[in-house]
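A short reminder: the numbers here are calculations on the coordinates, not readings from a lab. Worth saying up front: this structure is predicted, and the values here are computed from it rather than measured. Note: ideal-geometry Cβ built from the backbone for every residue, glycine included; neighbour counts use all protein chains shown.
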Amino acid sequence: IAHMQEDIRNFETLITGKKSDIEVSKGLIERYQGQQENVRNNREYENLSKEIEFQTLEIELCEKKIREFNAAAKQRREDLERAQELINDRSEDLAQKKSELDEIISETKQEEEKLREKAKQIEGKIEERLLNALGTVTLLGRLLLKKHYLNSSLLTSMSLFFGQVVCIKQYQRRR
C-alpha cells in the first residue's frame, strides 16, 4: 500500500514537472515569435520557425505524457482502494476468527484442567519408569507433530495406545 501511495505521489510530481515544461515551451514560443519579427534573412526566419514547431511538438508531447500519467495515477488509486477493501475484509475475518478461537479456548479450558487433574491422579498409580517412557513417547510425538510428520489425531492415538500399554504392563506386574 505504501508503495502504491508512493507511485501516486511520483505520478503527481511528474505531472507537475511536465506542466512546468509546457510553460517553459510557451515562453520560448513567444520569444521566438518576437524574434521572428526582427529577422534579417530567410535562414534565421526558418530556424526560428523550426524552433517554434519544435516547442509546439514538445508541448504536445508533454500533454500526452500528462494524460498517460493521469491514467496511470487513476489506475493506482483504484488498485489502492481495492487493496484497502481487501485489507479491511481480511481484518474483519481475522477478528472473527480470533473471537472464535478465544471462545473455543475458553470452552476447552475447563475440560483441559479436569484432564490434567485426572492425569496427575493416574500418575501416582503408575511406576515412575513407565511414566518416563510415556513422557518420552509423548514428547517425541509432539516433536513429530511440530515438524508436520504427524497429525494431532495420530499423536492422540499414540499417547492413548502407549498409555494403555503402560497400564496393562503395570496391571500384569501386580498379579
Expected unfolding gain across Asp102-His3 under the 0.36 nm per residue rule, minus the alpha-carbon gap, is 32.2 nm
If each part is reduced to its alpha-carbon centroid, segment 31-76 and segment 78-96 end up apart, in Å, by 46 Å
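Fully extended, how many nm does the chain gain between Glu81 and Gln121 (0.36 nm per residue separation, minus their Cα-Cα distance)?
Values: separation 40, 0.36 × 40 = 14.40 nm, distance 5.89 nm.
Answer, rounded to one decimal: 8.5 nm.
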With label points set 7 Å from each Cα along the Cα-to-Cβ direction at Gln35 and Lys50, the distance between them in nm comes to 1.3 nm
Shape descriptor, segment 33-122: equivalent ellipsoid semi-axes (Cα gyration tensor, sqrt 5λ, whole Å, largest first) stand at 80, 11, 7
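What Kirkwood radius, in Å to one decimal, follows from the Cα pairs of segment 1-72? Before the final figure, lay out each step's value.
Values: mean 1/r = 0.0724 Å⁻¹.
With all distinct Cα pairs of segment 1-72 included, I get 13.8 Å.
Run through segment 6-90 and list the trypsin sites (Lys or Arg not before Pro) located in a DSSP loop whose Cβ has at most 15 other Cβ atoms within 10 Å. Provide the component values of the computation, followed by the final result.
Details: sites: Arg9, Lys18, Lys19, Lys26, Arg31, Arg40, Arg43, Lys50, Lys64, Lys65, Arg67, Lys74, Arg76, Arg77, Arg82, Arg90; in loops: Arg40.
Sites meeting the loop and neighbour criteria: Arg40.
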Number of Lys pairs in segment 1-120 closer than 29 Å at Cα, excluding neighbours under 8 places apart unless interchain, is 23
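Using 0.36 nm per residue, how much length does the chain from Lys19 to Asn42 gain when fully extended, once their Cα-Cα distance is taken away?
Here the answer is 5.0 nm.
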Low-density loop GluC sites (Glu not before Pro), segment 1-45, at most 16 other Cβ within 10 Å, DSSP non-H/G/I/E/B, are Glu37
